1. Classify region 1-54 as rounded, prolate or oblate, taking a ≥ b ≥ c as the square roots of the eigenvalues of its Cα gyration tensor: rounded when a/c is under 1.5, otherwise prolate if a/b is larger than b/c and oblate if not.
2. Do any GluC sites (Glu not before Pro) in region 69-108 lie in a DSSP loop with no more than 14 other beta carbon atoms within 10 Å, and if so, which?
3. What nm distance separates the two modelled labels at ALA95 and ARG13, each placed 7 Å from Cα along Cα→Cβ?
4. What is the spread of the Cα atoms of the chain along each of their three principal axes, largest first, in whole Å?
5. Could you work out [θ]222 nm for the chain from helices alone, using -39500 (n - 2.57) per DSSP H run of at least four and dividing by all its residues? Round to the nearest 500 deg cm²/dmol.
6. Based on Cβ point charges of +1 for Lys and Arg and -1 for Asp and Glu, what charge dipole magnitude is obtained for region 25-121 about its Cα centre, in debye rounded to the nearest 20?
7. Remind me, relative contact order of region 15-103 in percent, using alpha carbon pairs under 8 angstrom and six or more residues apart?
Amino acid sequence: MYDPNNIFAKILRGEIPCDKVHEDDHALAFHDINPQAPVHVLVIPKGDYVSMADFSDRATPEEIAGFFRAVGKVARELGLEEGGYRILANHGANAHQEVPHFHVHVFGGTQLGRMISLPKG
Ligand code: 5GP
């Protein structure tokens, strides 16, 4: 169930400010408030989708294409293509998804290491 009071819904409605880097019919992109890399941008679809599972299940082909084109465009416009970048989407508890509005993280601007690091133990 989508919560219309989640923080990204409020950003989409303009109730909370964001440091915007891109907006089009299908997506909004803005800098993460707690960056984990020199460049750390979030790209979110404009529709009410909780997670990757929800988006991939319910979004229209136009929404899916428009959203992922926007992710690529954002990375290109941020100058990340040449040096390289990483995209990541957390779904659910194991992935520590905090905000229940589907989003893709775009990381870049430095050497990012290989893949993910798991907790020790
Ligand atoms: P998740 O763990 O859900 O994949 O990531 C949520 C991300 O949203 C985190 O990286 C967090 O720093 C970011 N975030 C949470 N609240 C805000 C906010 O109000 N503004 C911005 N720009 N980023 C936020």
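Read-outs: derived from the displayed coordinates by stated rules, not from any lab. All figures in this text were calculated on a predicted structure; none of them were measured in a lab. Quick reminder, even Gly has a Cβ in these numbers, built from the backbone with ideal geometry, and neighbours come from all protein chains shown.
1. Because a/c hits 1.5 or more and a/b exceeds b/c, region 1-54 counts as prolate.
2. GLU81, GLU82, GLU98
3. 2.6 nm
4. 38, 35, 29
5. -7500 deg cm²/dmol
6. That gives region 25-121 a dipole magnitude of about 360 debye.
7. 30 percent
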